[in-house]
Amino acid sequence: MEKKTGKFKIIKDNLPQIERFAKHGYSPEEICKYLGIEEKLFKEYSVKSDELAKILKNAAIEADLAVEEALLKRAVGYETVEEYHVYIPETDKEAAKGSVKLKEIKKVKKFVPPDASSAMAWLINRRSTRWSKNPTAGSELANQEIIRLKRIAAQETEENM
């Protein structure tokens, strides 16, 4: 039993690095390559070790959630604060040398507008029954939506006459 524990030592010693790589989206094959671990040994240990399997699963979920959050943020727009540093020359003699000192730090609040590509990606992946890159003209949902929109347009036309 001592030998089996010994052959997995390299993996056990590198669990923090494995977790870091997995959180950045690296595949098990890439992790093995970077850490110099045999893929067969890695797969064998991930089957036997609940700890490694849990690390890999949680890291993948965490990475996916971070990407989803960033995509949603970009799709709906967001506010950010930018800092600008304003410098002035220290004295006339030192100005010739290029010496400057910080006068003030300006903070400017900006709004980053929504991005249509991000919104489309979000909708296609989250609401695929309603949104599609290549909608089919004959789908039942599309036909129902067209009928509903025609009714609304007809009502609005009657109201405005």
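Any residue at all in the range 91-110 that is part of a helix (DSSP H, G or I), at pLDDT 80 or above and either surrounded by 10 or more Cβ atoms within 10 Å (Cβ to Cβ) or touching a Pro at 6+ places or on another chain (Cβ under 7 Å) (or both)? No, that holds for no residue. Of the set (1) surrounded by 13 or more Cβ atoms within 10 Å (Cβ to Cβ); (2) in contact with a Phe, Trp or Tyr (Cβ under 8 Å, 6 or more places away or on another chain); (3) β-branched (Val, Ile, Thr), all apply to Ile55 but (2).
Being among the aromatic types (Phe, Trp, Tyr) and surrounded by 12 or more Cβ atoms within 10 Å (Cβ to Cβ): is that true of Tyr45 here? Here the answer is yes, as Tyr45 does meet what is asked.
Considering Glu82, Glu62, the condition of being of a type outside the set (A, V, I, L, M, F, W, C), exposed (fewer than 12 other Cβ atoms within 10 Å of the Cβ), under 30 Å from Ala121 (Cα atoms) and in contact (Cβ under 8 Å) with a residue 12 or more places away in the chain is satisfied by Glu82 alone.
For the range 103-124, the tally of residues that are in contact with a Leu (Cβ under 8 Å, 6 or more places away or on another chain) and not hydrophobic (A, V, I, L, M, F, W, C) stands at 1.
The values are calculated or read from the model by the stated rules, or taken from the named source; none is laboratory data. None of these values were measured; they are calculated from a predicted model. Note that we place each Cβ from the backbone using ideal geometry, even for glycine, and neighbour counts take in every protein chain shown.
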